[in-house]
1. Within region 70-95, can you find the residues that are open to solvent by 20 Å² or more (accessible area, probe 1.4 Å) and farther than 16 Å from Thr25 by Cα?
2. Can you tell me which residues in region 120-141 are more than 14 Å from the chain's Cα centre (by Cα) and of a type in the set (A, V, I, L, M)?
3. Would region 19-35 turn up any residue that is open to solvent by less than 60 Å² (accessible area, probe 1.4 Å), within 18 Å of the chain's Cα centre (by Cα) and at pLDDT below 75?
Amino acid sequence: VRQHAPVECRFGRKFQRPTVFEDQTVHENLTLALKAARSPWAVLGWRKSAADEGRIVALAAQVGLVDSLERKAGILSHGRKQWLEIAMALAGKPRLLLLDEPTGGMSLEERRVTGELLQPIKKRCSLVIVEHDLDFIRDICDRLTVLDQGAVLDCGTVQHIQSSARVQEVYLRRA
C-alpha cells in the first residue's frame, strides 16, 4: 500500500495550537509552506518565482497578514498565529481543510474575524472543523455532527442540533 503525503491527497490541516516557525517571518513561514506543497525531489531544486511571491502575498492577504509579512511569527498574537497556520495549510491548495478548534484561545474579535476569513475558503474547499463554540460555527457550517465520547450523538443543521433533545440531554447533564 502506497502512503500518500497530505499534499498529494490535497488536504490541509491546522492543529489546535498554532504550529508555526516562530523564529521565521510570516513571509518565510509561507515560503516554507509553498515548498512543502511539492514532492520531496521538487523541493530540492525549488527556486521561488515571481508567481510564488505573488502567491505568498495573496495567502497573507487572504488571512489579513500582509502588514505582517516581515514580522517574526513568534511576536504575532495567538489569533494571528492561527491565521498564519491557516494560510500555510492553504498553500497546498487543498480540497479538504481540517481545522481543530481554530478559535481556541482567541478574543471575541479574533473569533469574528476568523469566521469572516473562513467564509470564502469554504467556497473553494470542504472544511471539517472540530469546535465547541456553536456561536462561532453557526454561520460557517452547513451541517454539524455532535460527538459524545467519540460516538455520533446527532447530525443535522445548526437549527436541528440546537433543538435536539439528545444533544441537550448530554450537554445539559455536563453543565
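The values are calculated or read from the model by the stated rules, or taken from the named source; none is laboratory data. None of these values were measured; they are calculated from a predicted model. The protein model used for the area step is the full one, side chains on, heavy atoms only, and it has no ligands, DNA or RNA in it. Shrake-Rupley method; radii C 1.70, N 1.55, O 1.52, S 1.80 Å.
1. Gly92, Lys93, Arg95
2. Of everything in region 120-141, just one residue is more than 14 Å from the chain's Cα centre (by Cα) and of a type in the set (A, V, I, L, M), namely Leu134.
3. No.
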